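FYI, it's all coordinate maths here, none of it is from the lab. Just so it is clear, the structure is predicted and the values come from calculations on it, not from any experiment. Cβ placement follows ideal geometry from the backbone for every residue including glycine, while neighbour counts extend to all protein chains displayed.
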Amino acid sequence: MRTRLRGGLFGKYVGTFVGFAVFVLLVNGVLEMAFTYRETTAAVVKAESEKAEAAAARIAQQIAEIERQIAWTTRASAGVEQRRNDYMLLLQQVPAIDELMQIDGNGKELLRVSRFTVEAIAGTDYAQDPRFLQALARQVWIGPVYFRNEVDPYISIAMAHSGQYAGVTVAEVDLRFLRDLVAPFAIGDQGYAYVLGAKGRLLAGSDLLKAPRGSDLGGLPQVVEVTADVADQPAGDRSALAAFGRDLGDRSVLAAAVAVPRTDWLVFVEQPLAEAFKPFYVLLLRIGGLILLCIALAVLAGVLLARRMVVPIRALAAGVGKFGAGEFGHRIEVRTGDEIEALADEFNRMAAQLDQSYARLEQTVEERTRQLAERGRQLQIANEHKSQFFANMSHELRTPLNAVLGYAELLVDGLYGEMPQKAVDVLERVQANGRHLLGLINDVLDLSKIEAGQLALVLDAYSMRGVVEQVVASTESLARAKGLALTTQIADDLPIGHGDERRLTQVFLNIVGNAIKFTERGSVDIRVGASSDAFEVAVRDTGPGIAPEDRQRIFDEFQQVDNSNTRQKGGTGLGLAIARRLVEMHGGVIRLESEVGIGSAFTIVLPVRATGPGAPGAAGVAS
Amino acid sequence: MTHILVVEDTEDNRRILRDLLTHAGFTLTEAGDGERGVALALSEKPDLILMDMQLPIVDGYDAARRIKADPAMAKTPIVAVTSYALSGDEEKARAAGCDAYVAKPFSPRQLLATVKELLARETPAGPAKGIDRG
C-alpha cells in the first residue's frame, strides 16, 4: 500500500547539487571567457600592431637609406663619365637599384646605367614624364609601384640634381627586398606579415602567406576594412588599425595594419585565430573540463549526501510500512546520529508500545473468548438439562395420561359394564381432551429436542408423492366434514427424495391441517412440482388470510394470530415453529404469501437431497 | 388358552392390559421389572410378550434381547410398548428383537388388534399351545 512518489528525495538532492554547481561554474566560466576573450584579442592586436609598426618603420628607413645613396650621386657636379662611374658604384653598393638614368634640365635622357642591359643613350625626351616633372617640383619624388613581368614590384625614385647642372636622376628600385624586411615581423608559428601597395596588390609577404607577389588581396575583408579606416584617419596619424578577417585559405584571422610613411603602402601582420586564440581556446577547454568535473563531483556529493539522508529515510518508510502491516517486532536500524535516528527511535518505541498493547488486547480477547466459551458450555449444559427435563417430564406426563385414556376407552367399550349414553359422551370428551394434552406434550418435546440439537433426522429415500398422498388420506375426512374441497395436483416426474419421511409427513400434515382448520368455506389446494434439485409444495387455502405484521410471527413458538382463535381452533401454536425448523433442517425454506380476506399460500421449497441438519435459523422464512 | 406375559412397571397400565386381555379371553402373567420379566418369559414360555421399554433394573431393550437369545423363545412375538414416540425408537426396539411396536398412549382397541394379528400370524407356524391349555 505504498504511495507511488512523483520524485524521490534522492533525485531532488542530486539535482539541487548539480544544478547549483553548474550554475556557479557557468556564470564564472562565461565571465572569465568574456574577459579572457577581450584580453586575448587586445594582446594579439597589440603584438601585431607593434610588429606592423616596426616593419613599416624598417621599410621607411630602408627607402630613406636608398634615397640617401641616390642623393650622394646627385650632389657633386660632374661630367657624364664621372656620373657613369658614380652610377656604376651605386649599382654595386645598393643591390635594390636596378637602373639609373640621368635626365638633363630640358628633360632629355643623358645617361642610363642598367644592371641588366648594355646602356645606350637613347636621347629619349622625358620632359613630360612625371618622374622629371615631380622631381623638379619636389626635389625628391617616389613614384607609384609598378610591376615588371607582372610579379616584380618596382618603384621609381626621382631626385633633382643640386648644383649648376640642372637635371634629374631616376632610380628604378626593385622592391623584392621588402620580403626580407617584413618576414621577420611575422608572429607566432602560423602568423605572417606582408606589404600591400595601392589597390591591394601584394608587394611582398612572408612565405606562410602563400601568395605570389602581385596578387590582388584587395578583396580580403580585413584589407577592405583597414583601407577604409586608413582613408578616414586624420593626416599624420599612423597608428595601427586592427580588423578580423579571413586569409586566402579561408581561415579566420586577426590582422593589424600600419601605413608606411611617404607611400600608400600598408604593412599587415596577421595571425590565424586558431593560433592567436589558442590560450583562449585552452581556457575554454579548461573551463568546460572544470564544469564537467564539477558536475561529476556534484553528482558524487549529491549521491553521497542523498545516501546519507535518503537511505535512512527509506529505512524509516519501510519500517513504518512493516509496523502498518502489523509486524511490531520489526526494529528500524538507522545509525546516523542525527534527528533521523531520533525519529527512528521514536518509531521503534511506538512499535514496542503497540506490540505490548496488542499483546494485552489479544490476551484480553483470549480470556474473554474462553469465558464466553465457558459460558456457552454452561448454557449448552443447561439447555441439555432443560431438554432432558422436558423429555423426562413428557414421559412422566404421558404415563398417567396413558392410564386416563386407556381407562376411558375400556369404559366406553363397556369392559366394566354397560354405560349410560350420557356417561359415554362424557368419557369421549375426556378422551378428546386427553389426546389434545398429549399433542401438546409431544410438540413441546419435539421443540425442546430440536432446540437442544438432539433431534436427528433419519435420512432415507422417500417418495414425495407418497408423503403427500398420506397427508391427504389423513386429512380428507376433516375437510369433508367442513364441506371443503381438498384438491391435489402432483407432477408426474417427481424425483426420488432423500430426507426424513416421517418428519416431512409431520410438516405437511401440520400445514395442510392448519389450512383446513382455519378455512370455513372454499378449498384447500395442494400442488407439488420439482425443479432439478428442489421440490416445491404449495398449499393454498381460501381462509381468512394473515396480516403482513403477523406473517413472520406465526413461525415463532406459541404464536397464533389470535389467542382466542387458538382456543377456538385447538392446536398448540407450536406446529408451524416445528414445521419451519424441520424444513430448515432439511436445507429448505417455507414461504408465505397471504391476503387478508382472500386466503393464504404456504410454499415449501425443499432440496430433493436434504443438505443435512442446518443450524436453526440459518435458512429463513420468506414472506 | 393363549398365554401372554406383560412386563410393565406401572400398576395402572398393568391393570388396563389385564382388564383388556382377560376380557378378551387370554391368560396373563405379569412382571413389574425387566429382570423378572426375562425370568418369567424363560420359565413360563408365554405365547406373546408385551414389553414396556422403560423398566427398572433391566430395560425393555435388554430384556427383549435376552429373551430372544433363548432358542425356545426365538419365535415368540414381543410387542414393544413405549412412551418415547420419537423417530428412532421403533428401529431401536426392532433391533432388540421386538416384532411389533405400539406407542403410548395406546388405544386398547388398537393394541388388542395388534396382539390378535400377531398371534394369528404365529398359529400356523407352531402348535397352538393356548388351545391345548384352553
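Within the straight-line cut-off of under 28 Å between alpha carbons, the lysines reachable from A:Lys322 are A:Lys12, sequence neighbours fewer than 8 places apart in one chain being disregarded.
With both residues required to sit in the protein assembly as shown, DSSP beta bridges show an antiparallel share near 75%.
Between A:Gln470 and A:Ala432, what's the calculated FRET efficiency when r is the beta-carbon distance and R0 is 22 Å? Round to 0.05. Between A:Gln470 and A:Ala432 the formula returns 0.40. Residue exposure proxy: A:Ser474, A:Ser357, ordered by other Cβ atoms within 10 angstrom of their Cβ from fewest to most, comes out as A:Ser357, A:Ser474. Compute the FRET efficiency between A:Leu305 and A:Phe244 as 1/(1 + (r/R0)^6), taking r as their Cβ-Cβ distance and R0 = 51 Å, and round to the nearest 0.05. Efficiency at R0 = 51 Å is approximately 0.60. Ordered by the count of other Cβ atoms within 10 Å of each Cβ, fewest first, A:Trp141, A:Trp265 give A:Trp141, A:Trp265. Counting only residues at least eight positions apart within a chain, or on another chain, the aspartates and glutamates with an alpha carbon under 14 Å from that of A:Lys108 are A:Asp125, A:Asp129. In summary, the lysines within cross-link reach of B:Lys92, defined as a Cα separation below 20 angstrom excluding same-chain residues under 8 places away, comprise A:Lys449, B:Lys68, B:Lys75, B:Lys104. Put simply, the amide H of A:Phe535, placed in the peptide plane, has neighbours under 5 Å in A:Leu606, A:Val608, leaving out anything fewer than 5 places away on its chain.
Using alpha carbons only, how many angstrom separate the centre of the stretch A:256-313 from the centre of the stretch A:429-487? Here the two parts' Cα centres lie 112 Å apart. Note on chain A: helix-only mean residue ellipticity at 222 nm, from DSSP H runs of 4+ residues weighted -39500 (n - 2.57) and normalised by residue number, equals -18000 deg cm²/dmol. Cα extents for the protein assembly as shown along the principal axes, largest to smallest and rounded to whole angstrom: 217, 62, 53. What's the long-distance tail for the stretch B:3-122, i.e. % of Cα pairs beyond 20 Å? Looking at the stretch B:3-122, the distances longer than 20 Å represent 32 percent of pairs. For A:Val168, the shell of other residues with beta-carbons less than 15 Å away shows a net charge of -2, using +1 for Lys and Arg and -1 for Asp and Glu. For the stretch A:84-167, the calculated P(r), taken from all Cα-Cα distances in 10 Å bins from zero up to the bin holding the longest distance, is 17, 48, 34, 2 percent. Which is the longest stretch in chain A that no exposed loop site breaks, taking sites as GluC sites (Glu not before Pro) with a DSSP loop state and at most 13 other Cβ atoms within 10 Å? My reading of the result: A:151-326 is the longest stretch. Take the Cβ atoms of B:Asp12 and B:Arg65, set R0 to 35 Å, and the FRET efficiency comes out at 0.85.
Label positions at B:Thr29 and A:Asn392, each projected 7 Å from the Cα along the C-beta direction, are separated by 3.4 nm.
Residues in the stretch A:22-31 carry Karplus couplings, in order, of 5, 4, 4, 5, 5, 4, 4, x, 5, 4 Hz; the curve used is 6.51 cos²θ - 1.76 cosθ + 1.60 with θ = phi - 60°, and Gly or Pro positions show x.
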